[in-house]
1. For LEU33 and LEU85, what does the FRET efficiency come to when R0 = 25 Å and r is the distance between their Cβ atoms, rounded to the nearest 0.05?
2. Antiparallel DSSP bridges in the chain: what percent, to the nearest 5?
3. So how tilted is helix 29-40 from the main axis of the chain? Cα-based, degrees 0 to 90, rounded to 10.
4. Can you grab the distance from the C-alpha centre of the stretch 221-257 to the C-alpha centre of the stretch 86-148, Å, no decimals?
5. Pairs LYS208/LYS239; LYS49/LYS131; LYS49/LYS234: which exceed 27 Å Cα-Cα?
6. Once a ≥ b ≥ c are taken as the square roots of the eigenvalues of the Cα gyration tensor of the chain, is the result rounded (a/c under 1.5), prolate (a/b larger than b/c) or oblate (a/b not larger than b/c)?
7. Report the residue, chosen from CYS90, CYS165, CYS266, that carries the largest GNM mean-square fluctuation when the chain is represented by alpha-carbon nodes joined by springs under 10 Å.
8. In sequence order, what are the phi-derived ³J(HN,Hα) couplings for the stretch 220-228 according to the Karplus relation 6.51 cos²θ - 1.76 cosθ + 1.60 with θ = phi - 60°, rounded to whole Hz, with x for glycine and proline?
Amino acid sequence: MNQELIQQLAQLTSEARNPDTQNIDLLPTAEILKKINSADREVPPAIYKEIPQITLAVDAIVEAFKSGARLIYMGAGTSGRLGILDAVECPPTYGVSEDMVVALIAGGPDAVYRAQEGAEDSFELGGEDLKKIHLTHKDVVVGIAASGRTPYVIGGLRYARALGCTTVALSCNRAAAIASEADIAILPEAGPEILTGSTRMKAGTAQKLVLNMLTTASMIRLGKSFYNLMVDVKATNEKLVSRTRRIVMEATGVDLTEADRVLSQCEHNAKLAIMMILSGLERENAETALQKANGFLRRALQELNDQARHKSQPARKAQIEGCEEPA
C-alpha cells in the first residue's frame, strides 16, 4: 500500500520538485521571499482557466440556496481548515444563518488546531460525517483536497453523489482522483510548491481563492450586495457598526446624522435603511417591497420606479440603472 501511494504522489504536480527552488536553502531571507512571491503569482492564471467550471458550481450553489438547501465543504488538514474559514465568514458578511454554509473536517473540531492522525484515510468517515448533518439531495457538496486523493473526501463525495446531491471536486492537480467522483471538477494546477509537497502554500492559496469565488459570487447572485456594497453585513461589533454606517452613506449620499437616524429605525439593517432612504418608504412598506423582490435591493427599487411611471404619479425615484436580477 505504501508503494502504491508513493507512486500516486509521484504523478501529482503539487508533489513534484520545483526546479526554481532547488537551492532555496542557501539563499538569504530576501531572496527566499522573492522566490515565494514569484511562485504565488502562478496561482491566479491557473484559477482563471477554471472559471467555466467555477461558474457551473456557483450556479448550482445559487439554485440550492434558493431552494433552502445548503453548501457543504469537506476536507482534511489545510483543505478542511480553509473550508471552515470560508464558511464561518458567511453569516457576519452576508447576514445568513450559520447552517447555510457548513464545513466538515476529517477528525472533527479538534483537527482545526492539531492533526488527527488517520482521520483523512477513512473512506467511511466522510459519509458518516455527512449523515450526521442530515445531508439531503438538494444540498451541494464540495470536496476539497490539494492532492485530489484524500479518502475522507472521496468517501464523502461518493455518499453525496449516491444521494443525488450536486457534487464539486476542488483539487490542484489535473490528475486528481476526486475529479471522477464529482459532477463538477475545479482543478487549478499552479505547479510544484517551493518546498516539495508543502501544499499549504500555492495549493492552499488556490483553494482559498476558489472558495472565495464560490460564496462571494453566490451571495451576490442572491442579492446580498447593492452595486458592490456589502448591504447584508451584520453589525455585531464596533467596526461593523461603523462599516454599516459608511455603507448607507455611500449608497444614498446622506450624511452621518441621517444615516444614523434611519439605521436606528431598523436595528442597523443597512439594506433596509438604504431602501427606506432611496424609496422614501416607511419601514413596513420598505420591508414589503424587499420581500417581493426576494431581498434584491436594486430590483426592489426598480419595481417601485416602474410602478410610479406606470401610474404616472409623483414619486421619489432612485437614480439607478440596470436593476434587473441576473438571469
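1. Step by step, r from the Cβ atoms, then E = 0.55.
2. Antiparallel: roughly 5 percent of the beta bridges in the chain.
3. Long axis of 29-40 versus the principal axis of the chain: about 70 degrees.
4. 30
5. Pairs exceeding 27 Å: LYS49/LYS131; LYS49/LYS234.
6. Judged from the Cα gyration tensor, the chain comes out prolate (a/c at least 1.5, a/b above b/c).
7. CYS266
8. These are the phi-based 3J(HN,Hα) values: 4, 5, 8, x, 7, 10, 10, 6, 10 Hz.
Bear in mind these aren't lab numbers, they're just calculated from the coordinates by the rules spelled out. Just so we're clear, the structure is a prediction, and the values are computed from it rather than from any experiment. Positions of Cβ are backbone-derived with ideal geometry, glycine not excepted, and every protein chain shown enters the neighbour counts.
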